[in-house]
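Read through the structure below, which is laid out as structure tokens, and then see the notes.
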Amino acid sequence: FWTPDHASGWWNSNVASTALAASSITEVLRDAQNLDLTQIKDYVLGPATALGAGTTPIDSEVGPDGALYFAKLSGGVVTRLDPVTGQVTTAVSGLPANIYGLAFANNGTMFVSGLGFLRRVNPDGTNQLVLSSNGYLTDIDLGPDGLLYVADYTNNRILRVTPATGQSEVFVSGG
């Protein structure tokens, strides 16, 4: 039985969100083998990198290009940080506010989840709604089967979504 170790805040949520967040950390660690870690500035070696205007970054992913991408909670913006040069740019703007999660397909397609939505951002910058929801879609991962797994915080479940069509089903629920 899982018990929250915090008394308040978003992390005092359901098992599904926590499990998906833990899998995302594992994914970042796995993907680290694709980065030249000698080129990433450690926080003890220099000043922190500012991610520009906007609100707090809430999720990060390593993109297929090796850059780090950050979802900014209320800004409708995804920021890109080049780990070699330290250059920060806006990767995507104009998305709905309340972004919570990011995931990438190998072809560079980005998926963004948030309050009531899952969007696909194509490599050419265009984006489409993949799935509409009545809840907080707080995290997202692309599975080895090519399907998206999305934590639906509000409804205590993980959705399995076909990226091309948006067809979804409840993969697991409870918590």
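A short reminder: the numbers here are calculations on the coordinates, not readings from a lab. Quick caveat, the model's predicted, so the values are computed rather than measured. Quick reminder, even Gly has a Cβ in these numbers, built from the backbone with ideal geometry, and neighbours come from all protein chains shown.
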Computed over the stretch 72-175, the convex hull of the Cα set has an average projected area, in nm², of 7.0
Once both label points are put 7 Å beyond Cα along the C-beta direction, the residue 173-residue 29 separation in nm becomes 3.2
Taking the stretch 116-175, the equivalent ellipsoid from its C-alpha gyration tensor has semi-axes in Å, biggest first, of 20, 13, 9
Taking 0.36 nm per residue of separation between residue 56 and residue 132 and subtracting their Cα-Cα distance, the length gained on full extension comes to 25.0 nm
